Structure formats: C-alpha cells, structure tokens
Amino acid sequence: MNTLKTGILMSLLMGLFLVVGAAIGGANGMVIAFLFAAGTNLFAYWNSDKMLLSMYGARQVDAQSAPELHRLVARLAEAAQLPMPKVFISDNPQPNAFATGRNPEHAAVCVTQGLLDRVAPEELAGVLAHELGHVKHRDTLTMTVVAVMAGAIGMLANFAFFMGGDRRNNALGMVGMLLVMLLAPFAAILVQMAISRGREFEADRAGAEITGRPLWLAGALEKIDRAARGTDNPQADANPATAHMFIVNPLHGGMSGLFASHPSTEERVARLRAMTGGAGVALPDDMETAPKISPKRGPWG
C-alpha cells in the first residue's frame, strides 16, 4: 500500500511538472518539463539523500567520533529490527532531526547540534525512534524525493519569470505565466502536506513502540517545539520544500502556519499520552542532570 501511495504521489508531481511546462512553453515546454521531471526523479531516487544532507551541512559520525549517539542509534535499530543506518550531525542551532534514504538498507538519520544540546537522553531516544519509524515504514524515499521535486517545481515556475513563456503556444499568455509562478509552488506544498501529516502520526506511534516509552517522545516534541519557535533554521528557510522532512516544522513566519507540513504538536503529544492511559511523568530539563537511559521493560530489557 505504501508503494502504491508513493507511485500516486510521484505521478502527481510529474503532472505538476507537465502543467508548469505547458503553461511556460506550450507543447515544447511540456516535453522539456517531462524530460526534466524524469531526470529529476532518477536523480532524486539515487542522490536525494546525499543532496539533502549536504544542504544542511551534515557530517557523518561513527562509534569513535560520537560513541554515545552511535550506540543509541544501534540499540534502537536493533529493537526496530532494522539495519544500522548511517548517523549524521548538522551544526544547526535549532533542535530538530530527520531521516532520509531510499530504503532501510541505505538509510541515514540526522540530528542537529541544537537537539543534542537541549534534550535529555530519554528524549533523544524518542526522537531517534520516531525517525527510525519513518525508515521502517519506508517513508524516507517519498519524503526525500518529494522535497527535491517540490523544490524543482518552484525553480521551474521561477524560470517563467525570466523566460517570458511561449505566448504563441500558450493561450493564456502572460496571465498563464503569472498563474504558474504563483500557484505551482503552492501546489507542491499541498502535496507535501498530503504525504506528511498522516505519516508523522504513524512515525510517532512506531517510535513509541520501538522504545516502549511514548512519553519520551511526547516530552521531546514539547521541548523541541518550544525551542524551534525561537531558533532560526536558515537552511530550512532557504529551502522550504524540505520542511516536511523534520520532526517538527523548522520554518518561521510567512506561510509556515497556513501550509504547515506537520500536525500540531499538541495533538501529537495527546495521542502519545493516550498510549499510556494518560499517565504523565516529569522529564529532566537538561542532559547534564538527566539520568542515563536504563529502561527496565520493553525491547531495552
């Protein structure tokens, strides 16, 4: 079913490319857009993860350079019955995280330095488990490819401004060109919304099941959401088509609320708390005073 949804979404993005191409250059523009879309799809399938990680200046770490983080990811991957993903850290002050890769065998998880600085070990485990939930559900290919394709659609629409469009083959002329410039990026964002909201809930549930501690993720989401609102993420602001990749919305102001790619944190936390029967626990406020992760039940025992 997930493969079918991915195919439908990719077909929709291909259709957006064709519409933009036709509006810009008529029949010839549609052909060019089709070839561009096909090439982008192929490139995105094989290289979108590398492109995304490079975009956020992520560096790969291992058991020697980041032993605690690497060991935690290994334990979570084992609990989730997944291959060990590659682990990356982005020197970004905003607390956030994302997963990428075309399949579980080629997956990567990336956390920001802001996340490592602000959350307790238990909360970090909840966040990483959520990202592994995306890997387990094979969301990462679709999410990463859509990020690349949506960005390309916006770029193609911007070409209309400089190229002026093929007014001989385009009946709408300048009006059509302006409509494409305005609406194509919004259409791409709507596709992002369609693939992201439901999948975030499912990844939350999977993450809670992996750790056996829904409140670890609930506490992390509340803390990340509060901190992210007051911390800029310049790379995300420059590349809004990637916003749906993150565990919380990294964007600020503008259309970030109207076209939010994530469900509300309050609703996500409420669902996680419901998994525990509504019971709550006080999570530590900082990593320095937080106890080490030593769970006594679930896959950790």
- Note on the structure: With 0.36 nm assigned to each residue of separation and the Cα-Cα distance removed, Gln113 to Asp237 gains 42.9 nm
- Item | Listed peptides 216-222, 30-36 by packing density, highest first (mean Cβ within 10 Å) | 216-222, 30-36
- Query: If R0 is 41 Å, what FRET efficiency do you get for Asp91 and Ala270 from their C-beta distance, rounded to 0.05?
  - Reply: 0.80
- Taking R0 as 35 Å and r as the Cβ-Cβ distance between Arg59 and Ala27, the FRET efficiency 1/(1 + (r/R0)^6), rounded to the nearest 0.05, comes to 0.15
- Among 110-119, 243-252, 74-83, the order from most to least packed when residues are scored by Cβ within 10 Å on average: 243-252, 110-119, 74-83
- Net lengthening on full extension, Glu78/Phe34 (0.36 nm per residue, minus Cα-Cα): 11.7 nm
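Rule-based calculations on the coordinates, nothing more; no lab input. What you are looking at is a predicted structure, and each value in this text was computed from that prediction instead of being measured. Cβ sites come from the backbone with ideal geometry, for glycine too, and all protein chains shown count toward neighbours.
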